[in-house]
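Engineer: Handing you a structure now.
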Amino acid sequence: MKAVRLHEYEQWPSLDEVAEPEITGPLDVIVRIGGAGLCRTDLHIWEGLWAEKSGIELPYIIGHENAGWVHEVGAAVSNVEVGDAVILHPLITCGLCRACRDGDDMHCSHQAFPGVSTDGGWAQLLKTSARSVVALPDGVEPAAVAAHADAGLTAYHAVKKAVMRGMLLPGTTAVVIGAGGLGHIGIQSLKALSPAEIVVVDPSEEALELARSCGADHLVRADGDQVAAVHELTGNGAEVVFDFVGEFGAVQKAFDMTKRAGSHFVIGYGENIDVPTIDVISSERSFVGNLVGTYNDLAELMVLAGQGRIDLHTRTFDLDDAVEAMQELHHGRLPGRGILVPS
């Protein structure tokens, strides 16, 4: 089969012919990929940022946002059948550890992460587990929702967490930094789950227009004075700031936009947090980390997608054009999400 594999860090991957995955366990599921998302994490992998964390050996297949159709199943699989349209939770989990039994799939003690720690879905076929497949609602095509497997899931999980902790009640404000691939999903998740006022910050007029179409209440151009602009809109900062960028100076600005006793949700990543501890304790502001989401989060998100309440802004590329897609994202020319579709 065709697969996009990374051979060396900071060298563009190549399209290779590799062996097809095989069923080796009773709960294995092989999926014929209908769409695989392109994420900034893929660029961080290409840069070598995940080399030590993932323990992966090169070459390997990239791609952790995957959806398609069930191609083959192991003998004990009972939740899906061959031909079913599915989206894949990004992790393969054991189901037996404490985290799995608590429903915190992303903290599984024995996880595999296709596209990060094992071969991923920038290929024609991908092997996963019965625990990872979520059936798609009728009429929803895999390529249309593939990026929800990580980008959508991560954004939804962060918003749901803030809502369930009582942070976004009527009269509160949520700031969204970055209205691109993750942020535009976060805005829609906020509209679906919360009555909070939504302020969106981004340097791109195109991205801000996308944010407007997704339901943002206020738009702020990131031109150097965005912190002052947010404080002018909110009075003294926002109860919750969702930072979907995590680099290029966004971390400090996000913290500065957070009001006293507010929470800075770190979602995008790439730079370090460098905040004096006195500023944290004296204002009781909190940093909240966010790692993808649970299987149930993804199932809930697919309900909203099926209802048309959360849509993805996407641009599709043929699998053969994966390098072009990566370069478009790398140079900031890809609003929304890029989706690779095997021919």
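Bear in mind that the values in this text are calculations on the coordinates, not laboratory data. These numbers come from a predicted model, not from an experiment. Virtual Cβ from ideal backbone geometry, glycine too; neighbours counted across all protein chains shown.
Engineer: May I ask for the net charge around E22, where only other residues with Cβ less than 15 Å from the Cβ of E22 are counted and Lys, Arg are +1 while Asp, Glu are -1? Could the numbers behind the result be given before it?
Structural biologist: Working: positive: R32, K127; negative: E20, D28, E72, D119.
Surrounding charge for E22 is -2.
Engineer: Rg (Å, one decimal) plus Dmax (Å, integer) for the alpha carbons of the stretch 1-91?
Structural biologist: Rg, Dmax (Cα atoms, Å): 14.6, 42.
Engineer: With both bridge residues required to lie in the stretch 79-215, what share of the DSSP beta bridges run antiparallel, to the nearest 5%? Display every interim value, and only then the final one.
Structural biologist: Numbers: 4 of 10 bridges.
Antiparallel bridges: around 40 percent, rounded to the nearest 5.
Engineer: Moving on to the next point. Can you tell me which lysines have their Cα less than 28 Å from the Cα of K253? Leave out same-chain residues fewer than eight positions away.
Structural biologist: K53, K160, K161, K191
Engineer: I want the local charge near L169. Using Cβ-Cβ distances under 15 Å, sum +1 for each Lys or Arg and -1 for each Asp or Glu among the other residues.
Structural biologist: Numbers: positive: K160, K161, R165, K259; negative: E197, E239.
Local charge sum for L169: +2.
Engineer: Take R337, R309 and order them by how many other Cβ atoms sit within 10 Å, fewest up front. Walk me through the numbers on the way to the answer.
Structural biologist: Working: R337 27, R309 14.
With the fewest neighbours first, R337, R309 line up as R309, R337.
Engineer: Tabulate in residue order the Karplus-calculated ³J(HN,Hα) for the stretch 263-269, using 6.51 cos²θ - 1.76 cosθ + 1.60 with θ = phi - 60°, rounded to whole Hz; enter x for Gly and Pro.
Structural biologist: Per-residue couplings from phi come out as 10, 9, 8, 8, 10, x, 8 Hz.
Engineer: Let me ask something additional. Could you give the dipole magnitude of the chain about its Cα centre, charging the beta-carbon of Lys and Arg +1 and that of Asp and Glu -1, in debye to the nearest 20?
Structural biologist: Numbers: 23 positive and 47 negative charges, 215 e Å.
That gives a dipole near 1040 debye.
Engineer: Using the Cα centre of the chain as origin and beta-carbon charges of +1 (Lys, Arg) and -1 (Asp, Glu), tell me which of G308, G37, G235 is placed farthest towards the positive end of the dipole.
Structural biologist: Positive-most Cα among the choices belongs to G235.
Engineer: I would also like to ask the following. Over the C-alpha atoms of the stretch 237-307, what are the Rg and the largest Cα-to-Cα span, Dmax, in Å?
Structural biologist: 14.5, 46
Engineer: Continuing with the same structure: Report ³J(HN,Hα) in whole Hz for each residue of the stretch 69-78, in order, from the Karplus equation J = 6.51 cos²θ - 1.76 cosθ + 1.60 where θ = phi - 60°; Gly and Pro get x.
Structural biologist: 10, 4, 9, 7, 9, x, 5, 9, 6, 10
Engineer: When the Karplus curve 6.51 cos²θ - 1.76 cosθ + 1.60 is applied with θ = phi - 60°, which whole-Hz ³J(HN,Hα) does each residue of the stretch 88-94 get, with x for Gly and Pro?
Structural biologist: 10, 4, x, 9, 9, 10, 7
Engineer: Roughly what percent of Cα-Cα pairs across the stretch 155-289 reach past 23 Å?
Structural biologist: Numbers: 1917 of 9045 pairs.
Roughly 21 percent, once rounded to a whole number.
Engineer: For D321, D297, what ranking results if the residue with the fewest other Cβ atoms within 10 Å of its Cβ goes first?
Structural biologist: Details: D321 17, D297 22.
Ranked by crowding around the Cβ, least crowded first: D321, D297.
Engineer: Would you order L193, L6, L153, L58 from fewest to most other beta-carbon atoms within 10 Å of each residue's own beta-carbon?
Structural biologist: Working: L193 18, L6 22, L153 27, L58 13.
Listed from fewest to most nearby Cβ atoms, that is L58, L193, L6, L153.
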